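Here is the structure we will look at, set down as structure tokens.
The values are calculated or read from the model by the stated rules, or taken from the named source; none is laboratory data. Worth saying up front: this structure is predicted, and the values here are computed from it rather than measured. Cβ atoms come from the backbone with ideal geometry, glycine included; neighbour counts cover every protein chain shown. The protein model used for the area step is the full one, side chains on, heavy atoms only, and it has no ligands, DNA or RNA in it. Shrake-Rupley method; radii C 1.70, N 1.55, O 1.52, S 1.80 Å.
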Amino acid sequence: MSNTNRRFLLRERPTGRIEPSTFELSEEPVPEIGDGEALLRMEYISLDPTNRMWINETPTYLPPVAIGEVMRAVGIGRVDASRQEGYPEGALVQGLLGWQEYAVVSDAMPGFVMPEAEGIPVSTYLGVLGQNGLTAYVGMHDIGAPKEGETVVVSAAAGAVGSVAAQIAKIMGARVVGIAGGPEKCAWLTGELGLDAAVDYKAPDFRAQLAAATPDGIDVDFENVGGEIMDAVFARLNVHSRVALCGLISGYNAEEPPPGPRAFGNLLIQRTKLQGYIVLDHFHRIGEVSEILAGWMAEGRLHNRETVVEGFEQLPTAINMLFDGANTGKLVVRL
Ligand SMILES: NC(=O)c1ccc[n+]([C@@H]2O[C@H](COP(=O)([O-])OP(=O)(O)OC[C@H]3O[C@@H](n4cnc5c(N)ncnc54)[C@H](OP(=O)(O)O)[C@@H]3O)[C@@H](O)[C@H]2O)c1
């Protein structure tokens, strides 16, 4: 066991994209634990678009990460040493553990001990069987709530949340159209994931492709992106449509807030119901929902893909993969 704990600390707030100067690498001794604490050796760190918002000065649903503080992130570590009954040595623990090689959990900074089922990779609990799956389920099942035969559109459909949300809509009997960047991702959506159509938003005729893929209009928009893509979807919403406002990733690196959607007035004309939501409010349902999703995976109805980056030192560059579309499915860093 190394006696150094490498950590990435927030050095400065980026104005646009995350740059090498955004974080500084700090090397500190591995913390000594006291009574009531357990030491985790980190195994996986989840990279999420929301991480970018946490380092802005403006608070979101969590306070901003402070300058000099370890970068906040969800991760999974294994208990290396324990002086706290709830965290037995060898157990896997998930929590807001940060960009560091070792983390300490306690009553003040808790994590939760995770199940370890044979045949289920640990990283799955950061994605489809973790917060991404719960986000997809709440947004699609509860908010979008497509009825059989309705048309559902999912943006960032080849990503962690979008790929699960789109498949849930298929399982619910909807006609599902995914929006993603590039022919390869679109082929995955209509191939392995079984969506009815996929639209490449990078194609010059994106709006025409979307119209062709949604001849009966759109009943549910699972919105992950915002900007031009959301505008094109809003223009095609049907009467009594629903928008599950999950994310607006196209604006997260923007220096100025993006302009409002031109087609916003269509929400009035169509009596659309739009609901924003944050998965943290729904964490009490994680067990119930991950059981449902694991069941669909076991039945071969829900497919999962992950993009795994090797090496702690890759964290500051790997996070930009989310904004470059370089990930398919869940993006994690393995330590
Ligand atoms: N409400 C909540 O509680 C909650 C929880 C988790 C996530 N979210 C939101 O859900 C969305 C997806 O998150 P995720 O974790 O599943 O990430 P992800 O979809 O796995 O990764 C982000 C994807 O977004 C697409 N993208 C990035 N910039 C884009 C742009 N300017 N225009 C169009 N597409 C762009 C890229 O795919 P392409 O190659 O297709 O461009 C990229 O792969 C995000 O908006 C996130 O903030 C919300």
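Scanning region 159-194 for residues that are part of a strand (DSSP E or B) and over 18 Å from residue 250 (Cβ atoms) gives 175, 176, 177. For region 268-283, the set of residues classified as surrounded by 12 or more Cβ atoms within 10 Å (Cβ to Cβ) and of a type in the set (Val, Ile, Thr) consists of 272, 278, 279, listed by residue number. Filter region 162-184 for residues that are within 13 Å of the ligand (Cβ to nearest atom) and surrounded by fewer than 24 Cβ atoms within 10 Å (Cβ to Cβ) and give the result. Scanning region 162-184 gives 181, 182, 183, 184. When region 310-335 is examined, which residues are found to be in a strand (DSSP E or B) and either buried (at least 22 other Cβ atoms within 10 Å of the Cβ) or within 11 Å of the ligand (Cβ to nearest atom) (or both)? The answer is 329, 330, 331, 332, 333. Set side by side, the residues 232, 211, 244 differ, and just one is surrounded by 15 or more Cβ atoms within 10 Å (Cβ to Cβ), more than 20 Å from the chain's Cα centre (by Cα) and within 14 Å of the ligand (Cβ to nearest atom), which is 232. Residues of region 292-309 that are away from the ligand (no atom under 16 Å from the Cβ) and in a helix (DSSP H, G or I): 292, 294, 295, 296, 297, 298.
The residues listed here are 90, 95; of these, the one that is within 20 Å of residue 50 (Cβ to Cβ), modelled with pLDDT of 95 or more, out of contact with any Asp or Glu (no Cβ under 6 Å at 6 or more places or on another chain) and not β-branched (Val, Ile, Thr) is 95. Test of understanding: among 67, 45, 18, 76, which residue is assigned to a strand (DSSP E or B), within 24 Å of residue 251 (Cα to Cα) and modelled with pLDDT of 95 or more? Testing whether each residue is assigned to a strand (DSSP E or B), within 24 Å of residue 251 (Cα to Cα) and modelled with pLDDT of 95 or more leaves just 45. Taking region 246-291 as the range and being at positive phi and part of a helix (DSSP H, G or I) as the test, no residue passes.
Taken over region 20-49, the residue count meeting the criterion of being out of contact with any Leu (no Cβ under 9 Å at 6 or more places or on another chain) and free of Cβ contacts under 8 Å to residues at least 40 places away in the same chain is 4.
For region 188-198, state whether one or more residues are surrounded by fewer than 19 Cβ atoms within 10 Å (Cβ to Cβ), in contact (Cβ under 8 Å) with a residue 60 or more places away in the chain, closer than 27 Å to residue 57 by Cβ and more than 11 Å from the ligand (Cβ to nearest atom). No, that holds for no residue. Mind telling me which of the residues 239, 225 ends up being under 22 Å from the mean Cα position of the chain (by Cα) and either outside any loop (DSSP other than H, G, I, E, B) or near the ligand (Cβ under 8 Å from one of its atoms) (or both)? None of the others qualify; the one that does is 225.
Quick grid of which residues meet (1) open to solvent by less than 30 Å² (accessible area, probe 1.4 Å); (2) at positive phi; (3) in the same structural domain as residue 106 (by TED's automatic domain parsing):
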site: 8; (1), (2), (3): yes, no, yes
site: 16; (1), (2), (3): yes, no, yes
site: 20; (1), (2), (3): no, no, yes
site: 23; (1), (2), (3): yes, no, yes
site: 26; (1), (2), (3): yes, no, yes
site: 31; (1), (2), (3): no, no, yes
site: 36; (1), (2), (3): yes, yes, yes
site: 41; (1), (2), (3): no, no, yes
site: 46; (1), (2), (3): yes, no, yes
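Scanning region 100-126 for residues that are assigned to a loop (DSSP other than H, G, I, E, B) and surrounded by 24 or more Cβ atoms within 10 Å (Cβ to Cβ) yields one hit, 111.
Residue 330 meets each of the listed conditions (1) charged (D, E, K, R); (2) within 27 Å of residue 17 (Cβ to Cβ); (3) at pLDDT 95 or above; (4) more than 15 Å from the chain's Cα centre (by Cα) apart from (4). Residues in region 51-63 that are within 16 Å of the ligand (Cβ to nearest atom), farther than 16 Å from residue 110 by Cβ and either free of Cβ contacts under 8 Å to residues at least 40 places away in the same chain or open to solvent by 30 Å² or more (accessible area, probe 1.4 Å) (or both): 53, 54, 56, 58, 59, 60, 61. Taking the stated definitions as given, is residue 151 within 16 Å of the ligand (Cβ to nearest atom), β-branched (Val, Ile, Thr), more than 20 Å from the chain's Cα centre (by Cα) and not assigned by TED's automatic domain parsing to the domain that holds residue 74? It is false that residue 151 is within 16 Å of the ligand (Cβ to nearest atom), β-branched (Val, Ile, Thr), more than 20 Å from the chain's Cα centre (by Cα) and not assigned by TED's automatic domain parsing to the domain that holds residue 74.
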